[in-house]
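The values are calculated or read from the model by the stated rules, or taken from the named source; none is laboratory data. Predicted, not measured: the structure shown is a model, and the values here were computed from it. Virtual Cβ from ideal backbone geometry, glycine too; neighbours counted across all protein chains shown.
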Amino acid sequence: MSRETIYASSVEYFLSPIGPLLEDESITEVMVNGFDQIYIERRGKIERTDAQFDSEDALISAIHNIAQWVGREIDPQRPILDARLPNGSRVNAIVPPSARTGTYLTIRKFSKKAYTMRDLVDFGSLSPEVCEFLDICVRLRKNILISGGTGTGKTTFLGAVCESVPEDERIVVIEDTSELRLPQEHCLYLEAQQGDRQGRGKLSVRQLFINSLRMRPDRIIVGEVRSGEALDLVQSMISGHAGSLSTVHANTARDALIRMETLSLMSDIQIPVYVARAQVASAIDIVVQITRFSEDGSRKVTRVSEAFGLDDQNHYQLQDIYTSKMHGKRADGMLDISMERTGKQPTFAAEPIEAGMQDRMQHTQSLWSD
């Protein structure tokens, strides 16, 4: 029996109190707020379960076992663990004293299916026309930023959009915790690593990104921009690596650009604010806003915006290409929301026809200019 098999069996044993929840495909997140208080997210809604661990020690033992599986440590001096289960599910754990009322364990389940844009259209997350628009933008090598709050499905959407990257391109995927699975054959997956107590072996997303530029990538996909790597991503976008895609936590397209600007300033390279803003404005072409609606638990694209530089007051210039419109609730209790074209034409409206993409235009013909 291999070492990996032994560890996988050990993790499964220690997590057996929540094993049925992890196996249930309708559950997307398992949230342990203490050994006897366990919640789940199912179809976008949170509910409490009857599951529980035998004791606080049993929960702590399970977390230590996960840490051992990934070669990391968690204790009161290092109270946070970011890891993944053998099946790929993402794990975050926090122990006392940082977790004030107990030990917290959150598991974002790893989907066995890599969703496509067609799947998201079938789910009602976006319209066929928006799907086609984004497909053309990816093929035009536009830099796309996917924006949304926690739990809105940004990573799932990113993986689906990446389906449009041509098969003959070399793709480098960089993530803090590996989640993306792309259908293309020529993909290289890089994952950040935590160091030991002396910091040995630590590899940040930023270090991986800098290294990826030496790997002759055609596309660079960053799972989520969280820190100073934003500056490196932005600079690569404007210096020969067009067509990059990433996600960021923000509630509007403008907030997404401002957050990229702020994260760029967190780099150890000191640059003036106006330089960071100018670079973000030059780098990002499209911002896709995703929203999770608590009323029915659905996740939908609510806005697709084009970013095109700065105005005379040094403010980001944005124009909405598609926006969502609420029509109330359907008979089944789900929200009735449609994506509608604003009438604005992208500044790059001539490019798809110049690139000979007419055969890809079934819904968006009138959006592009001859």
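Things to note:
- So Gly328, is it on the phi > 0 side of the Ramachandran plot and touching a residue at least 12 places away in the same chain (Cβ under 8 Å): no
- Extreme residue, nearest to Gln235 (Cα to Cα), among residues of the range 248-271 that are surrounded by fewer than 22 Cβ atoms within 10 Å (Cβ to Cβ) and of a type in the set (S, T, N, Q): Ser267
- Scanning the range 317-370 for residues that are of a type in the set (A, V, I, L, M, F, W, C) and under 16 Å from Glu132 (Cβ atoms) turns up Ile321, Met339, Phe348, Ala349, Ile353, Ala355, Met357, Met361, Leu367, Trp368.
- Subset of the range 88-114 (residues that are without any contact (Cβ under 8 Å) to a residue 24 or more places away in the chain, assigned to a loop (DSSP other than H, G, I, E, B) and farther than 15 Å from Thr155 by Cβ): Pro96, Pro97, Ser98, Ala99, Arg100
- Residue within the range 158-172 that is exposed (fewer than 14 other Cβ atoms within 10 Å of the Cβ) and either of a type in the set (S, T, N, Q) or part of a helix (DSSP H, G or I) (or both) present: no
One line per residue, one yes/no per condition, for (1) in contact with a Ser or Thr (Cβ under 7 Å, 6 or more places away or on another chain); (2) of a type in the set (D, E, K, R); (3) in contact (Cβ under 8 Å) with a residue 40 or more places away in the chain:
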residue: Ala278; (1), (2), (3): no, no, no
residue: Ala283; (1), (2), (3): no, no, yes
residue: Asp296; (1), (2), (3): no, yes, yes
residue: Thr302; (1), (2), (3): yes, no, no
residue: Phe308; (1), (2), (3): yes, no, no
residue: Asp359; (1), (2), (3): no, yes, no
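- Residue in the range 189-208 that is in contact with a helix residue (DSSP H, G or I) (Cβ under 8 Å, 6 or more places away or on another chain) and in a helix (DSSP H, G or I) present: yes
- Breaking point among (1) at pLDDT 90 or above; (2) over 28 Å from Val301 (Cβ atoms); (3) of a type outside the set (Phe, Trp, Tyr), for Leu203: (1)
- So Lys344, is it in a loop (DSSP other than H, G, I, E, B) and either in contact with a strand residue (DSSP E or B) (Cβ under 7 Å, 6 or more places away or on another chain) or hydroxyl-bearing (Ser, Thr, Tyr) (or both): yes
- Yes/no for Asp119 being loosely packed, with under 15 Cβ neighbours inside 10 Å, in a helix (DSSP H, G or I) and not aromatic (Phe, Trp, Tyr): yes
- Positions within the range 310-323 being of a type in the set (A, V, I, L, M) and either in contact (Cβ under 8 Å) with a residue 40 or more places away in the chain or not assigned by TED's automatic domain parsing to the domain that holds Gly153 (or both), in sequence order: Leu318, Ile321
- Counting only residues that are of a type in the set (A, V, I, L, M) and more than 15 Å from Leu145 (Cα to Cα), the range 277-317 holds 2 of them.
- Every residue from the range 272-312 that is assigned to a helix (DSSP H, G or I) and buried (at least 20 other Cβ atoms within 10 Å of the Cβ): Ala276, Arg277, Gln279, Val280, Ala281, Ala283
- Every condition in (1) in contact (Cβ under 8 Å) with a residue 40 or more places away in the chain; (2) crowded, with 20+ Cβ neighbours inside 10 Å holds for Asp232 except the one numbered (1).
- Residues in the range 331-357 that are on the phi < 0 side of the Ramachandran plot and loosely packed, with under 11 Cβ neighbours inside 10 Å: Ala331, Asp332.
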